[in-house]
Each structure stands twice: as structure tokens, then as C-alpha cells.
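Report on one structure; see the data block that follows.
Every number in this text was worked out from the coordinates using simple rules, so none of it is lab data. Keep in mind the model is a prediction, meaning the values are calculated, not measured. So basically every Cβ, Gly included, is an ideal-geometry build from the backbone, and we count neighbours across all protein chains shown.
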Amino acid sequence: MQSLTLKSYKNLCKTSLTNYTKWRQLLLLRRTPTSKEIDAEQEMNKWGLAQPEVQVNHIGGTKFWIKIVFQKKRGGLTKLMEAISVFGFDITDTSITTSDGAVLVTLSAEGIHGGLPEADKIKKFLLEVISNI
């Protein structure tokens with residue numbers, strides 16, 4: 001296995017940051033919701049799920065267990081998975097459930113760049129991602 005030098009790590013971080021910045025700019029170009037998405041939002045509100053929910057727990061080493069509940073929207077899951085990947089995680093175990101306009105995603109993710117962010121930072125990042133979907 002090749003060792004990661006400080007210079008190569010800095011270049012890797014710059015690349016990840018550039019990818020994240022581009023991805024975030026694309027997310028900010030929001031589109032108008034479809035009638036199905038509006039119905040999904042009303043259904044979520046009916047069940048008391050007006051706000052997205054994110055839970056992040058450190059389970060050892062560089063692994064995290066993540067639980068996310070958000071409004072079902074077209075392309076939402078894809079954008080979420082791309083964001084997790086851009087943040088520097090390799091997704092290992094995933095479970096996805098949809099019901100009444102909501103999406104429940106539980107997954108295990110492992111840090112691949114060596115640097116391990118805190119669970120609170122990951123939670124804030126994911127909440128920002130979900131709110132921009």
C-alpha cells in the first residue's frame with residue numbers, strides 16, 4: 001500500500017474541496033417542485049416529519065453509522081450519495097426505505113482520506129445537503 005505524503009494529502013484535499021464547491025454551486029440552481037413533490041411534502045407534514053432528520057454516530061476507527069430522513073424528491077437520493085462521496089466517505093452498508101413522501105436512509109460509511117471529521121460536522125454538512133435538494 002502506498003503511503004500518503006503530506007504533499008499528496010494536500011493535493012487530495014484541494015481536489016475534494018474543488019469538487020465540493022462545484023457540486024454545491026450546482027445544488028444552488030434549484031428547480032421548481034413538481035406536483036408529486038408537493039404532495040410528498042404535505043404527506044410528510046401530516047406525519048410530523050416537516051424537517052429533515054440526520055443522526056451520525058462514530059462506530060469505531062474511521063467508520064460512521066448515518067441515519068437520514070428527508071422528503072422524497074426526484075434525484076434526492078443520488079445527490080445525497082454524491083455528497084457523501086465528495087465529503088470523502090466510502091459507503092459500505094446501505095438500507096433505503098420510502099413511505100408516505102419520506103425517504104429513510106441508513107448507511108455505514110468509512111473515511112477514505114485518513115482525516116476523520118467530527119460527527120457534528122458531518123451532521124451539519126448532511127443537513128445542508130438535504131435542505132438544498
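What the table below lists for this structure:
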{"read-out": "Approximate spin-label separation T97-Q55, in nm, with each point projected 7 Å along Cα-to-Cβ", "value": "1.1"}
{"read-out": "Charge context of L107, other residues only, Cβ under 13 angstrom, K/R +1, D/E -1", "value": "-1"}
{"read-out": "Net charge of neighbours whose Cβ lies under 13 Å from the Cβ of F64, counting Lys and Arg as +1 and Asp and Glu as -1", "value": "-1"}
